[in-house]
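Quick notes on the structure that follows.
The values are calculated or read from the model by the stated rules, or taken from the named source; none is laboratory data. In this text, all values refer to a predicted model and were calculated from it rather than measured experimentally. Don't worry about glycine lacking a Cβ; one is built from the backbone with ideal geometry, like all the others, and counts go over all protein chains shown. The area values use the complete protein model at the heavy-atom level, side chains included, leaving out ligands, DNA and RNA. Shrake-Rupley method; radii C 1.70, N 1.55, O 1.52, S 1.80 Å.
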Amino acid sequence: QVQFVESGGGLVQAGGSLRLSCAASGSTNTFMYSDMAWYGQAPGKQRELVAAISSRTGESFKYADSVRGRFTISRDNAKRTVYLQMNPFQPADTALYYCPAVVRAGGTLIPPPDSWGQGTQVTVSS
């Protein structure tokens, strides 16, 4: 079951910006209670956590070192949508970006298997 639909990706030049969106499907009413995260999967590499945001506080609680200060995660519970503002892009940001729900287990984040959507592709050119 696909719970979230990612969108907003595209081809962008280095130094440019995009805002990715991740919308909860109509089959769920639990978005406001879910911690959310963005993951990126670069070509030939494993998925890597980019950012995460709390359901309780509405504030981010995790950023990858490589994106801190450049990317901003946010959420709008009324729209059941989480965003990733990406600015400015670097070529290394090229990846397929996913936005699963996550649960916290100790110091790690666990995305339920059915939380993965199709992702949205971001390609950064020079």
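The fraction of accessible area contributed by carbon and sulfur in the chain is 49 percent, rounded to a whole number (1.4 Å probe; ligands and nucleic acids excluded). Once the convex hull of all Cα atoms in segment 84-126 is built, its volume per residue stands at 91 Å³.
Expressed as a whole number of Å, what is the distance separating the alpha-carbon centroids of segment 89-114 and segment 1-63? When both Cα centres are located, 7 Å separates them. The mean accessible area for residues of the chain, using a 1.4 Å probe and ignoring ligands and nucleic acids, is 52 Å² per residue.
Could you tell me what percent of the DSSP beta bridges with both partners in the chain are antiparallel, to the nearest 5? The antiparallel proportion sits near 90 percent.
In this structure the amide hydrogen of residue 55, modeled in the peptide plane, comes within under 5 Å of the amide hydrogens of 35, 36, none closer than 5 places in sequence on its chain.
Under 5 Å between amide hydrogens, built in the peptide plane, is the criterion, and for residue 71 it picks out 87 among residues at least 5 positions away or on other chains. The modelled label-to-label distance between residue 90 and residue 114, using points 7 Å beyond Cα along the C-beta direction, is 3.8 nm.
The Rg/Rh ratio of the chain, with both radii computed over alpha carbons and Rh defined as the Kirkwood radius, is 0.94. In this simple spin-label approximation, residue 33 and residue 54 carry label points 7 Å from Cα along the Cα→Cβ vector, and these lie 1.9 nm apart.
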